[in-house]
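Report on one structure; see the data block that follows.
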Amino acid sequence: KNQAKAEDERAIFQLFLEKQGWPTEVSLFESREAPEPDILYEFVDGKIAFELLELCVSEVAEEQSKLTDGLKEPEVLRISDPTSRLVRKKLRKNYVSQFPIDLLCYSNGRIGTPDDLVVRRMTDVIVCSKAVKFRCVWYYGKKGIYKIYEASIVSE
């Protein structure tokens with residue numbers, strides 16, 4: 001994984017922790033390499049692994065990059081929401097961790113879809129999924145953090 005992507009993920013993760021009111025000390029979390037989830041976090045009750053997923057429209061990201069670099073004038077884009085496709089793809093992946101794994105989806109301002117619609121689309125994908133491997137699924141949107149899914153506790 002490239003260093004810049006790992007740094008971006010840690011920065012987003014730290015903002016998520018702050019919004020949740022969870023401990024944010026940098027020493028409590030670290031980037032991991034695939035097939036492990038992206039971040040391992042030392043929580044009060046133990047460790048939790050987090051897989052991060054940016055819900056991003058690639059055309060918007062490219063436009064932002066060109067505008068930031070001063071390479072072009074703004075233009076109108078026709079885009080479609082990638083939420084369902086990206087979440088479905090993430091649910092199919094396999095991860096290796098001895099700790100519970102949460103999925104943290106975030107938009108980082110590069111999706112034009114309102115939070116309520118993203119939450120509904122994520123919920124629809126999870127409901128239609130045969131098996132969700134994640135302990136919790138979160139969405140960190142423009143207006144807040146939403147817990148989309150939490151696995152039922154199954155006693156052994």
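Read-outs throughout are calculated quantities, based only on the coordinates presented, and are distinct from any laboratory measurement. Values in this document were obtained by computation on a predicted structure and should not be read as measured data. Note that we place each Cβ from the backbone using ideal geometry, even for glycine, and neighbour counts take in every protein chain shown.
Run the paramagnetic zone check for Asn94: 7 angstrom along Cα to Cβ, then residues of segment 28-47 with backbone nitrogen under 16 Å.
Only 34-37 pass the distance filter.
Near Lys93, within a Cβ-to-Cβ distance under 13 Å, what is the net charge of the other residues, with Lys and Arg +1 and Asp and Glu -1?
+2
Would you please give the FRET efficiency between Thr123 and Phe43, computed as 1/(1 + (r/R0)^6) with r the Cβ-Cβ distance and R0 = 22 Å, to the nearest 0.05? Intermediate values should be presented prior to the final figure.
Working: r = 25 Å, r/R0 = 1.12.
It comes out at approximately 0.35.
Taking the Cα-to-Cβ direction at Ala4 and at Trp22 and moving 7 Å from each Cα, how far apart do the two end points lie in nm?
If labels sit at Ala4 and Trp22, their model points lie 2.7 nm apart.
What's the center-to-center distance, using Cα atoms, between segment 1-40 and segment 105-136 in Å?
Comparing the Cα centres of segment 1-40 and segment 105-136, I get a distance of 20 Å.
Can you work out ³J(HN,Hα) from phi for every residue in segment 125-140, in order, using Karplus 6.51 cos²θ - 1.76 cosθ + 1.60 and θ = phi - 60°, giving whole Hz and x for Gly and Pro?
5, 5, 4, 7, 7, 6, 8, 9, 7, 8, 5, 9, 10, 10, 10, 9
What is the sum of charges, Lys and Arg at +1 and Asp and Glu at -1, for the other residues whose Cβ falls under 10 Å from the Cβ of Lys143?
Neighbour charge sum, excluding Lys143 itself: -1.
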